[in-house]
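Asker: Quick one: the structure is below, and I'll ask about it shortly.
Read-outs: derived from the displayed coordinates by stated rules, not from any lab. Just so it is clear, the model here is predicted, and its values are computed rather than measured. Reconstructed Cβ throughout: ideal geometry from the backbone, glycine too, with neighbour counts over all protein chains shown.
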Amino acid sequence: MDTLTKEQRRKNMQSIKSKDTKIEILLRKALWKKGYRYRKNDGKLPGTPDIVLTKYKIAIFCDGEFFHGKDWKVLKPRLEKGNNSEYWIKKISRNMERDDEVNKRLLFEGWTVIRFWGSEISRNIDECVRVVEEVIFDEKMNQGDEDGEDFTC
């Protein structure tokens, strides 16, 4: 049962940002500190990725657990018991479908897609940066193979 008034709930929902969220800023700062330069919220790409490393064709999304359906098998039954359940189930299901569609389009266009949950970024930013660095390393290795360059030691 919602304990907030309609006006309070409306104000709460309006304050939820889609760009420059805390988790995005945290990851961007960590990548910048490591020397990685990026574009943010690149509208030229499908899904408007939160962080784009154009040099390596890497698109990074920082997904909030609720709106992107983390642990959907647990979340969906909880939503079914709550207020406006039909709306929320439909909305989050569509968000998850759209995320899959965006991933497929980006992959088709030759991009590597990385998706992090907000809690992953908050709890273990170093691990998230390591994942990005591993993908960059793999991209460099693939580019080396294509260019005929050998990056082995």
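Asker: What number of residues in region 19-28 are basic (K, R) and touching a helix residue (DSSP H, G or I) at 6+ places or on another chain (Cβ under 9 Å)?
Answerer: Total meeting the criteria: 1.
Asker: Then there is this: Scan (1) at negative phi; (2) touching a strand residue (DSSP E or B) at 6+ places or on another chain (Cβ under 9 Å) for the single condition K57 breaks and write down its number.
Answerer: Going through the list (1) at negative phi; (2) touching a strand residue (DSSP E or B) at 6+ places or on another chain (Cβ under 9 Å), K57 breaks only (1).
Asker: Could you pull out the residue among L27, L45, L31 that is more than 13 Å from V132 (Cβ to Cβ), hydrophobic (A, V, I, L, M, F, W, C) and touching a residue at least 12 places away in the same chain (Cβ under 8 Å)? Before the answer, list the steps.
Answerer: Working: L27 fails: more than 13 Å from V132 (Cβ to Cβ); L31 fails: more than 13 Å from V132 (Cβ to Cβ).
Matching residue, one of L27, L45, L31: L45.
Asker: Condition first: part of a helix (DSSP H, G or I) and either within 22 Å of D138 (Cβ to Cβ) or of a type in the set (G, A, S) (or both). Can you find one or more residues in region 12-28 that meet it?
Answerer: yes
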